[in-house]
Each structure stands twice: as C-alpha cells, then as structure tokens.
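First the structure, in the form of structure tokens, and then the observations on it.
The values are calculated or read from the model by the stated rules, or taken from the named source; none is laboratory data. As the structure is a computational prediction, the values presented were derived from the model and not from experiment. Heads up, the Cβs are rebuilt from the backbone with ideal geometry, glycines too, and the neighbour counts pull from every protein chain shown.
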C-alpha cells in the first residue's frame, strides 16, 4: 500500500505436530511501513520434539496513513557469507543514509539454499545510529548447516512510528526574552 502502514500489529508463531496439536507458541509485536515487504523473524522457538509445521497469524492491526512519507534510507553494503568447518558467518556494513538519527535499527538476515528455501535466519540490533554513520556487523552460527547456502538477503529497518526511536537533538539553552523590572 502506498499511503498506509501499520504502526503496530500483533503476531503469533505456533509450532504444530502432525495432528495439529500446539507444541510451542511465541507472540510479538511489530510494524510495517507503506510499500514495504517485511520479514518477521523470531529466533529460538523451543519445542521438545521436531514440529511438523508452523502456523503464523497476524491480528490487531493499527493502520495509519502517512502522507509525504519518506522511507528511512538504510542500506547494507559489502554483504558476505562464509562457511567454515565449524561455523557460518555473515558480514555486512550498515549505512544510515537518511537524515535521521535512530536509537535502534534492526537487521534481518535470511540465508537460502539452492531451492530458494530458507536455510538459516539471523537478526541483529544496532543502537544509536546517527545520520550518515556506517557500521560493520557480523552474525555467527556456531555450527555447520546441513545444506549449501546459495542466497543471502539482508534488510535493515527502523520503526518510524515510534517517536522514541528518533534521537532528539538538543540545542543549547538560550534566553528567549528578558524582563527587567524597574
């Protein structure tokens, strides 16, 4: 959608066994910007047995119109993936090319196999990222994957619906008016 984003929505992941019984569930909240395609990555979902499938649902969406909206210009450069005998590593460089300083920028990583299906997911949060600042990041999986990685997707996002995510710039205090009594 070109004009509307969701300032907040709730989501739920449910791990199900073959009969449809819930093995585990995790809930969370997120947002989506106008014209955005988004990954919802939830790490460390636990189940004592291997799940048969995953059920994902979204509810309580709070839509907001954003006129004259400009998406934050957050870019990832120097993307690289390496596989070693005992680990897998993704490297990259985040550059905040927007005019805003952000308290938090989230980086989502999807590694894909030859068939295009996800092999591994990763997530990182960078705090206090100023306009025009760039930072390296590295995500390590301390084990070997069972399949070869053929594709790498990395996305960066900042929640512009949350005013606390913008770093406030404070000006030095100056006297606005002085009043002298006579």
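So the values come out like this:
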quantity	calculated
Contacts under 6 angstrom Cβ, first residue in the stretch 108-122 being assigned by TED's automatic domain parsing to the domain that holds residue 87 and free of Cβ contacts under 8 Å to residues at least 12 places away in the same chain, partner exposed (fewer than 15 other Cβ atoms within 10 Å of the Cβ) and assigned to a strand (DSSP E or B), 6 or more apart	none
Matching option when the condition is within 20 Å of residue 124 (Cβ to Cβ) and out of contact with any strand residue (DSSP E or B) (no Cβ under 8 Å at 6 or more places or on another chain), among 88, 44, 96	44
Criterion violated by residue 25 - all others in (1) buried (at least 16 other Cβ atoms within 10 Å of the Cβ); (2) within 29 Å of residue 90 (Cβ to Cβ) satisfied	(1)
Any chance residue 8 is at pLDDT below 95 and either surrounded by 15 or more Cβ atoms within 10 Å (Cβ to Cβ) or under 21 Å from the mean Cα position of the chain (by Cα) (or both)	no
Answer from 96, 103 - the residue that is surrounded by 14 or more Cβ atoms within 10 Å (Cβ to Cβ), at pLDDT 95 or above and in contact with a helix residue (DSSP H, G or I) (Cβ under 6 Å, 6 or more places away or on another chain)	103
Residue ranges of strands (runs of 3 or more DSSP E) in the stretch 21-103 with at least 2 members under 23 Å from residue 11 (Cβ atoms) and within 20 Å of the chain's Cα centre (by Cα)	22-32, 53-65
Criterion (on the phi > 0 side of the Ramachandran plot and either part of a loop (DSSP other than H, G, I, E, B) or modelled with pLDDT of 95 or more (or both)) met by exactly one of 169, 132	132
Members of the stretch 74-93 found to be farther than 20 Å from residue 151 by Cβ and loosely packed, with under 14 Cβ neighbours inside 10 Å, listed by number	85, 86
Which numbered condition residue 162 fails, given (1) under 24 Å from residue 30 (Cβ atoms); (2) over 15 Å from the mean Cα position of the chain (by Cα); (3) at pLDDT below 95	(2)
